[in-house]
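Heads up: the structure comes next, in structure tokens.
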Amino acid sequence: MKPRRVGMARGYEEMDGANVPRPPGSTATVGGAANGADSLSGGASSPQSPVSPPVGSMLAGAAPEFELASVSVVPDDTYTVTQAVNALGFGWFQVKLSLCVGLCWMADSMEMTILSVLGPALHCDWGISRYQQALVTTVVFLGMMLSSTFWGHLSDRYGRKPALTLCGVLLFLYGLLSSVAPSFGWLLLLRGLVGFAIGCVPQSVTLYAEFLPTKQRAKCVVLLDCFWALGACFEVALALAVTPTLGWRWLLGLSAAPLFIFAIITPWLPESARYHVTSGQNDKALNTLEQIAKDNRRPMLLGRLVVEGPSGSRGSLKALLGSSLRRTTLLLWFIWMSCAFCYYGLVLMSTELFGGKNKTIVDGAMRDDGITIDCQPLATTDYMDLLWTTLAEFPGIFATIYVIEKFGRKKTMALQFLFYAGCVLMITVTEVRVFLTIILFMARGVIAGLFQAAYVYTPEVYPTALRSVGVGGCSALARLGAMATPYIAQVLFQSSIWSAVTVYGIFAACASVACMLLPYETRGADLAH
């Protein structure tokens, strides 16, 4: 900063590096402002020397004269991506991005929801055992776990957009091939490859969060879960319409349609401006910010775009366990693992409850037409009850939006884990179908909101250079919990309902404690640099 000139208002300092054109007739400038800057402190400026505000506040395409309310000062004539995104606000750019990312989430949700229907269908069609049903679910999450860190590295090194484009193409290809699998072994392989591609989907949240203004970030990321709930509801409705008549192969094939649409639109996805700045591509970042300004009909800030903080080691998994982030990372890994364990466990338990929990398992016993003796396909009432419990995600999302801003991220997640534990334990006290549906409705809403709250908190707590690999690492540990849950929800549940729900209750209670032990509360804070 230069010393104040004589006559400058108190507290006003000259800015370096001004590059805003001065109106004709102005003779002296202070960091790009005419000597009429006395008007900032209430003094009058002459008609021949109109005020030209400092560059950091200067808006492209604006007239030389400004209302004082529009004038602000950005030190050293620089601004960061965070300042630009906050200044340009929420508008049509974010709406378009919401639809693109939402479609990705919808496709992911459909691939996950189909697991609760595919197991019973394969049991009837191919006569697979309970352990084999659990393996169909486990192999998908195994692929997701093995690939999450890979996609995180790819996103941090080459960008979010290329990773999501490749993800969309692979998901559609393997999803379609799964529908024509000739044997159980081939189906396992192809579903594992589907899981490998799905491991990239959390990077869409990273991309989305990096384009959201601070004030709208939490609400928008939580609202993104509406697309997940929509995908889950659509998959249940599609299964009701297709599976009883055309079978599970048609269900797998038709479920790949949203993936095809997403793969087509990915070339129009914007690349993260934060990624471009962090990787030294400021020109590309400026182009993206100018596109935001154009779409949102806001004037673009002029000045020099700078990196928000030290870039550090991009994409370094080792950095996640450094002294400053070790505690946060380990707690988040356990929270995400518990969240996935509880969420997918509830989805699978719902199918077991509605599909007939008193069936006698006689593995290998076949009728002349090739159908297993114990086969009991899901009836229309079963699908409708599954649909009702899936619809619970919508009120769960909106309740989370309110609570997460009022009480903060940590307390919200802790309370939701405790409420979920209470709900699943209530499953053992009644066998009345209506009451079971209500209990599952409440539990599904809470755990859905909890999952999205974790997606809000995690990108906020990691710096830009480690954000993708941080989210990817958490996603990988979440898949570890999801891999284990079929053996509780589908195998142990058949022998002892009480034992199964107790396991879920204990995990939820421990995760609630882990939420309160997190060292940082990110409510109202900008994304970490």
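The values are calculated or read from the model by the stated rules, or taken from the named source; none is laboratory data. Please read all numbers here as calculations on a predicted model, not as lab measurements. Here the Cβ is made from the backbone with ideal geometry for all residues, glycine too, and neighbour counts use every protein chain on show. When the accessible area is computed, the model is the full protein with side chains, heavy atoms only, and any ligands, DNA or RNA have been set aside. Shrake-Rupley method; radii C 1.70, N 1.55, O 1.52, S 1.80 Å.
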How large a share of the accessible area of region 75-309, in percent, is made up of carbon and sulfur atoms when the probe is 1.4 Å and the other protein chains stay in place?
68
Name the shape class, rounded, prolate or oblate, that the alpha-carbon gyration tensor gives for region 75-309, where a ≥ b ≥ c are the square roots of its eigenvalues, rounded holds for a/c under 1.5, and otherwise prolate holds if a/b is larger than b/c and oblate otherwise.
prolate
Among 87, 152, 171, which residue has its Cα positioned farthest towards the positive end of the charge dipole of region 75-309, with +1 placed on the Cβ of Lys and Arg, -1 on the Cβ of Asp and Glu, and the dipole taken about the Cα centre?
87
What's the center-to-center distance, using Cα atoms, between region 445-518 and region 241-270 in Å?
27
Sort 471-477, 95-101, 236-242 by packing, meaning the average of other beta carbons within 10 Å per residue, with the highest value first.
471-477, 236-242, 95-101
Residue 415 neighbourhood, Cβ < 13 Å, K/R = +1, D/E = -1, net charge +4
Expressed in nanometres to one decimal, the distance between label points 7 Å along Cα→Cβ at residue 430 and residue 99 is 4.2
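If N is the number of residues in region 74-197, what value comes out of its Cα radius of gyration divided by 2.2 N^0.38 Å?
Cα-based Rg divided by the globular estimate yields 1.43.
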Viscosity 0.692 mPa s, temperature 37 °C, Stokes-Einstein D of region 421-520 from Kirkwood C-alpha radius, µm²/s
213
Pairs to check: 161/406; 219/318; 294/410; 294/318; 215/411; 161/215. Give those whose C-alpha atoms are more than 29 Å from each other in this structure.
161/406; 219/318; 294/410; 294/318
In nm, the gap between the two label points placed 7 Å beyond Cα toward Cβ at residue 297 and residue 184 is 6.1
Subtracting the Cα-Cα distance from 0.36 nm times the residue separation, let me have the gained length for residue 398 to residue 520 in nm, one decimal.
41.5 nm
Lys/Arg Cβ at +1, Asp/Glu Cβ at -1, dipole of region 75-309 taken about the Cα centre: which of 273, 252, 216 is farthest positive-ward?
216
